[in-house]
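The block underneath contains the structure these notes are about, expressed in structure tokens.
The values are calculated or read from the model by the stated rules, or taken from the named source; none is laboratory data. In this text, all values refer to a predicted model and were calculated from it rather than measured experimentally. Positions of Cβ are backbone-derived with ideal geometry, glycine not excepted, and every protein chain shown enters the neighbour counts. Note: accessible area is taken over every heavy atom of the protein model, side chains too, but ligands, DNA and RNA are not part of it. Shrake-Rupley method; radii C 1.70, N 1.55, O 1.52, S 1.80 Å.
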Amino acid sequence: MHLGIIMDGNGRWAVERRLPRAFGHKRGASKVTEIVTACPDLGIKTLTLYAFSTENWTRTAHEVSSLMKLFRGYLQNKFLELVENNVKVVFLGDPSPIARDISSQMKRLELATKDNDGLTLNIALNYGGRDEIVRAAQKFGMDTVADKVIPKDLTTETFERYLDTKGQTNPDLIIRTAGQRRISNFLLWQIAYSELYFTNTTWPDFTIKELQLILSEFNQEERTFGGNKSKTTQIH
Ligand code: FPP
């Protein structure tokens, strides 16, 4: 099972408690560790987390820098734990605008975990679905220029090889926390047949128990991928 999560509501969680927004993100990072640790027992083989979007750069410089500090700390503190827990870490998105020390740690972590066969943890950092599709199209264009492919070779299957998620299954379920019912440029290509679940719980307040409930509801759904239905599929 591949689960994607749009981890929203860190800011609101903090503001409701009269705390700085950065504190909400910090709580959000602890929640990441809790959920990642629980995944294997919950039957989740791939987890994709939306950590920072291509649009998040428009937040205040202070908030962007506190988020970057958090990613830097996560990479430092969780490096060994992820390696030892058999987690394969993959970063989705364009790393080029990210500070060099962070992006080289990202590369190191990907390399150090590439042969792990436990949970695949995709961390979407400076990620946007449209940007990913455009970068994939550019890579295909480069391959045509290099005479490796011709335009007619492009099919939905071959195009997937140019995406950041190449070789992976598509998400079965996307959860968005904190009440908003939109996708916000997350995995646009990959979610064509995913179930969508929206909860009002903010990300720092999200629990393993709620995740278990959502998963058991999801497991009762029959997915047809555009084929025939033998029963009505409705989540809410
Ligand atoms: C959305 O909440 C959350 C983010 C933009 C950042 C997500 C980052 C984390 C959970 C922390 C660390 C992640 C990793 C992988 C270590 P928001 O600020 O938009 O909340 P709001 O809508 O209530 O303002």
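Using θ = phi - 60° in the Karplus curve 6.51 cos²θ - 1.76 cosθ + 1.60, the 3J(HN,Hα) couplings for the range 69-75 round to 4, 5, 5, 4, x, 4, 5 Hz; x is entered for Gly and Pro.
Entry for the range 139-203 at q = 0.14, 0.20 Å⁻¹: log10 I(q)/I(0) = -0.56, -0.83, Debye formula applied to identical alpha-carbon scatterers, no solvent contribution. When the residues Arg135, Arg27 are ordered by accessible surface, computed with a 1.4 Å probe over the protein chains alone, the sequence from largest down reads Arg27, Arg135.
Taken over the Cα atoms of the range 17-85, the convex hull encloses 107 Å³ per residue. With the cut-off at 25 Å, tell me which of the pairs Lys69/Lys139; Lys31/Lys69; Lys26/Lys166 have Cα atoms farther apart than that. The answer is Lys69/Lys139; Lys26/Lys166.
Ligands, DNA and RNA left out, the 1.4 Å accessible surface of the range 1-125 is 53% carbon and sulfur atoms. Here the 3J(HN,Hα) profile of the range 20-32, calculated from phi with Karplus coefficients 6.51, -1.76 and 1.60 at θ = phi - 60°, is x, 4, 4, 5, x, 5, 4, 4, x, 5, 5, 5, 4 Hz, Gly and Pro shown as x. For Leu173, the residues whose amide H sits under 5 Å from its own are His2, Gly4, Glu195, ignoring neighbours fewer than 5 places away on the same chain, with H placed 1.01 Å from N. Using a Gaussian network model of the chain in which every pair of alpha carbons under 10 angstrom is joined by a spring, one finds that among Arg223, Arg59, Arg21 the greatest mean-square fluctuation is at Arg59.
Across the alpha-carbon set of the range 1-159, the Rg to Rh ratio works out to 1.01, Rh being the Kirkwood radius. Residues in the range 222-227 carry Karplus couplings, in order, of 9, 9, 10, 6, x, x Hz; the curve used is 6.51 cos²θ - 1.76 cosθ + 1.60 with θ = phi - 60°, and Gly or Pro positions show x. In the elastic network of the chain, a GNM with C-alpha springs shorter than 10 Å, the most mobile of Gly43, Gly226, Gly167 is Gly226. Summing +1 for each Lys or Arg and -1 for each Asp or Glu among the other residues whose beta-carbon sits under 14 angstrom from that of Lys148 gives 0.
Each peptide among 179-188, 4-13 gets the average number of other Cβ atoms lying within 10 Å of its residues, and from highest to lowest they stand as 4-13, 179-188. At the listed q of 0.08, 0.09, 0.11, 0.22 Å⁻¹, the Debye profile of the range 91-236, built from one uniform point per Cα, gives log10 I(q)/I(0) equal to -0.31, -0.39, -0.58, -1.44. What the chain shows is 54 Å² of accessible area per residue, with the surface traced by a 1.4 Å probe over protein heavy atoms.
Note on Thr158 and Arg59: the extension gain reaches 32.0 nm, defined as 0.36 nm multiplied by sequence separation minus the Cα-Cα distance. Computed on the Cα trace of the range 1-47, the radius of gyration divided by the Kirkwood hydrodynamic radius gives Rg/Rh = 1.10.
Computed with every protein chain present, the accessible area of His25 is close to 20 Å² [probe 1.4 Å].
With a threshold of 29 Å on the Cα-Cα distance, the over-threshold entries among Lys88/Lys209; Lys107/Lys209; Lys78/Lys148 are Lys107/Lys209; Lys78/Lys148. Taken over the Cα atoms of the range 112-177, the convex hull encloses 145 Å³ per residue. Cross-link partners of Lys152 among aspartates and glutamates, defined as those whose alpha carbon lies under 17 angstrom from its own and excluding same-chain residues fewer than eight positions apart: Asp143, Glu160.
Estimate the FRET efficiency between Asn85 and Met1 by the formula 1/(1 + (r/R0)^6), using the beta-carbon distance for r and 30 Å for R0, to the nearest 0.05. Between Asn85 and Met1 the formula returns 0.95.
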